[in-house]
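Contents: one structure, followed by commentary.
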Amino acid sequence: DGHTDTINSVLLTPDEKKIISASSDSTIKVWDADSGKCIGTLEGHLAPVNHICLSKDGASLFSNSDDSSIKIWDVKSGSCLATLLDPSRGSVIDFSLSANGQRGVSVSSVGRMNIWDIPKLKSQTTSESNETLYTNAKIALVGESGAGKTGLALRLGEDRWEETGSTHGMTIRNLPLHEKSPEGMKREVLLWDFAGQPDYRLVHQLYMDETALALMVFDPQKDDPFVHLGHWEKALHSAVKINPEKLLVAARVDMGGLTISNKKISEYQMERGYADCLPTSAKTGEGCRELKQKICEIIPWDRIPFTSTTRLFKALKEAIIDLQQGNVHLLTFAELRQQLQVDHAKVPFNNAELRTVVGLMAGQGVIRTLDFGDLVLLRPELINTYASVVIKCAREHAEEIGSVREEAVLKAKIPFPQGMERLPHNEEHNLLRAMLDMFVNRSLCLREEISPGNVNLIFPSHFKRDRELPELPKIIFTYGFNGILDEIYASLVVRLHHVDGYSAVELWKDAADFTTPSGNRAGLAMTRYKKEQAELKIYFEESVPEDEQITFLKYIHEHLNRRVKGEVSRVREYSCNHCHEPLENRKAIRRRLEMGKKDILCSLCEERVDLIDVLEMKYNSDKFAQIVRKMEEQSQVNIDNESRELILVGQAFVVAGEAGQIFRPIANSDWGIDGEIEFKDDSGNASGERVYLQLKSGDSYLYDRKRDAKEIFTIKNSRHADYWKKQKYPVMLVIRQSDGLIRWMDVKKYLLNSPLNTNKIEFEGESFDASTLYSYRNRLNEEMPL
């Protein structure tokens, strides 16, 4: 895992120690073949990298891209040695090297093949080239709320003391370390301060990947100071591919020193794999210098991948990081470009270069691009902060049903904590919609329409009502696992609910009943234990057909295998076929299966009970494995469609706002209208003139008709068309295509190969007049100056 888009090419180095991959995310990554760990990322291409190949000695890497270039890289240092530009300016689809490494052949998208003389190149240090090497260490500062993390972060980052309240969400700050970097390599450290309140934990899990070092902060004055660290230890283990280094940090020792014995600290430190334990006081500065020194010593730089990037990319990244310190947090790509052009006029760049940098930074989690409005969020941690407020509202629901009104969320009519940093109204609206899309995409909540236009967001992991009937129906399997239980449980309930034929009909505290395709009931109930361990019992009504039981069980098992970092145990609950007595001796059943025995004696009626029965054979068959894969695909499609609906409304808000007009969503979209745009008059006041919008995703409603290849939109609900015709104002059907970028690439390739003096052209059955052609050529010149 590591690329953020399709992997197009992969190779193994001659010594079989490294794997190199090229992706449509415009990057090349180098991996350690034994551990699977990413060693480095090579940046510089402006478009998808289509193919890579190595010189015979494995010292030089060649990559070709849709940006019309072939780049030559030094495998050892990661620096780019040369760039070859295709004279036809088409996408370079493939490249091959001769056996002696002196000639290369490339194929371009405009139907040309080029033969290259490969220049003789020497490996260069980054100071001599146009490349720069850097590496980032991510440090997570975690612990219970009120332990003193925020004050400690301020002391470590700025060497000052300030009385602070509890952190809301999370904050990210640079941590200056007085450490000499290796020649040619710049080292950077980012300190992520995570709020400790329980309401934030469900979302924090999404931001902990790539942590190199964890500072586990505890209050040494408490009787059991380590009780809250177990959650964070498990969260890090689940989120991070390679376990990070860990330091125990006793905070606020100026309040009374350590009341826990050194022996207990040492035992906990040894048992949980901590490198050291340091006493600190952010107020007095005691121990903080020693902590920074210890951080310098144990950051595992050799395990953190490097990035090789161009000096331009590095300059743009630093300019965007500078902007993060200002007061603007959410802006359009065009606004970002204008701001950088004003603030950094000495760094010339074009749209394609900036878009590539924005995409790379978003892939690293430093910024976030929203799926609508071409918006860039400079401080992605703000989504975490707002999300945590919504989860808190759901958890505190008066009826203990873990829900909150969607309209209240989108209109910011929820109680925000005092002192929380909030965005201006328009920015806040867009952020809240992006946050809601994150909840849907990450399968953390259900959207349930409880009445026309009235949608509730339901968080399964925050239901508090106990099941009214504690006695469960027939239990078939019990699964055992550990991990971040809230996230594992919530995503299971949400994704299963989105499988066609299944629906969550009753939710309780850690339990859910579903209707199955036959209309019967199946369910699951989770029991929590210490150290984030749990058992999940699966039960059915007697009338549920056997095949439905197997698909339900298999789906749950596969979900746990994907979400749990560690072993998932499965225990079958057997009953005697003759007297129906449950067989409770699990140990004997397990031992007989290990011995290859296929049955066991019933202790009551002494009849033999099959252990490898029809259910067990079907459960392990390829047929049901394929059915479950299709169920998961269905679930993903339904979640994607729900997400697209949210994105389309967000897009309408942004586009109308940029045009200076008023957009209002309509709550009951089942009528066939999703919103209206009211136009302003010359004085800037609402004019009463408007158009209505029906917003649809092309992925769900468009198809190409076979007989004439025309693109057809399907009206799936005929009464919508009747309703549209009755309106006083025009109704606009707005279809958003997800392949717009691919379409532009096709048009671009055509324009690159067409005469410059053309006044009108035909492209795939469409006629472009002079003005349209002019605008396309302007866009082309922005991306690729001719």
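The values are calculated or read from the model by the stated rules, or taken from the named source; none is laboratory data. Not measured: the values here are computed from a predicted model. Cβ placement follows ideal geometry from the backbone for every residue including glycine, while neighbour counts extend to all protein chains displayed. Ligands, DNA and RNA are stripped out before the accessible areas are found, and what is left, the full protein with its side chains, is counted by its heavy atoms. Shrake-Rupley method; radii C 1.70, N 1.55, O 1.52, S 1.80 Å.
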Next item on the list: Could you identify the single residue in Leu360, Leu336 that is surrounded by 15 or more Cβ atoms within 10 Å (Cβ to Cβ) and either modelled with pLDDT of 90 or more or not in a helix (DSSP H, G or I) (or both)?
Entry: Leu336
Check: Among the residues of region 183-214 satisfying the criterion of being outside any helix (DSSP H, G or I) and modelled with pLDDT under 75, which is surrounded by the fewest Cβ atoms within 10 Å (Cβ to Cβ)?
Finding: Glu183
Next item on the list: Filter region 115-133 down to the residues that are at pLDDT below 65 and either open to solvent by less than 100 Å² (accessible area, probe 1.4 Å) or not charged (D, E, K, R) (or both), then identify the one that is nearest to Ser69 (Cα to Cα).
Entry: Ser129
Note to self: Going by what's in this entry, would Lys554 be described as at negative phi, in a helix (DSSP H, G or I) and at pLDDT 90 or above?
What the structure shows: yes
Note to self: For region 434-483, which positions are surrounded by fewer than 17 Cβ atoms within 10 Å (Cβ to Cβ) and at positive phi?
What the structure shows: Gly453
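For the subset of region 557-574 comprising residues that are in a helix (DSSP H, G or I) and of a type in the set (Lys, Arg), which member is nearest to Glu633 (Cα to Cα)?
This residue is Arg562.
Determine, yes or no, whether Asp322 is charged (D, E, K, R), over 24 Å from Gly148 (Cβ atoms) and open to solvent by 20 Å² or more (accessible area, probe 1.4 Å).
Yes, satisfied.
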Next item on the list: Identify all residues within region 285-306 that are in contact (Cβ under 8 Å) with a residue 60 or more places away in the chain, out of contact with any strand residue (DSSP E or B) (no Cβ under 6 Å at 6 or more places or on another chain) and either under 23 Å from Leu154 (Cα atoms) or open to solvent by 60 Å² or more (accessible area, probe 1.4 Å) (or both); write none if there are none.
Entry: Gly285, Cys288, Lys292, Ile295, Cys296, Arg303
Checklist line | Check on Val609, modelled with pLDDT under 80, of a type outside the set (Lys, Arg) and either closer than 30 Å to Leu583 by Cβ or within 41 Å of the chain's Cα centre (by Cα) (or both) | finding: yes
Margin query: open to solvent by less than 70 Å² (accessible area, probe 1.4 Å) and in contact with a Gly (Cβ under 6 Å, 6 or more places away or on another chain): is that true of Ile677 in this structure?
Written below: no
Notebook entry, point to check: Just for region 215-256: of the residues that are of a type in the set (Gly, Ala, Ser) and in contact with a Leu (Cβ under 7 Å, 6 or more places away or on another chain), which one is surrounded by the most Cβ atoms within 10 Å (Cβ to Cβ)?
Noted result: Ala251
Note to self: Here are the criteria: (1) among the aliphatic types (A, V, I, L, M); (2) surrounded by fewer than 22 Cβ atoms within 10 Å (Cβ to Cβ); (3) over 30 Å from Ala511 (Cα atoms). Tell me which single one Leu431 does not satisfy.
What the structure shows: (2)
Next item on the list: Could you grab me the full set of residues in region 535-563 that are open to solvent by 10 Å² or more (accessible area, probe 1.4 Å), touching a residue at least 60 places away in the same chain (Cβ under 8 Å) and touching a strand residue (DSSP E or B) at 6+ places or on another chain (Cβ under 8 Å)?
Entry: Lys537, Glu541, Glu542, Gln549, His557
Notebook entry, point to check: When the residues of region 142-165 are filtered to those that are touching a helix residue (DSSP H, G or I) at 6+ places or on another chain (Cβ under 7 Å) and open to solvent by 20 Å² or more (accessible area, probe 1.4 Å), which remaining residue is modelled with the lowest pLDDT?
Noted result: Thr164
Check: Inside region 6-52, can you point out the residues that are open to solvent by less than 20 Å² (accessible area, probe 1.4 Å) and not in a loop (DSSP other than H, G, I, E, B)?
Finding: Ser9, Ile20, Ser21, Ala22, Ser23, Ile28, Val30, Gly40, Thr41, Leu42, Val49, Ile52
Notebook entry, point to check: So how many residues does region 519-534 have that are assigned to a strand (DSSP E or B), more than 22 Å from Val505 (Cα to Cα) and either among the small types (Gly, Ala, Ser) or under 28 Å from the mean Cα position of the chain (by Cα) (or both)?
Noted result: 3
Checklist line | Options Glu318, Glu353; residue that is over 21 Å from Ser24 (Cα atoms), acidic (Asp, Glu) and in a helix (DSSP H, G or I) | finding: Glu318
Checklist line | strands (runs of 3 or more DSSP E) within region 365-451 that include 2 or more residues of a type in the set (D, E, K, R) | finding: 446-451
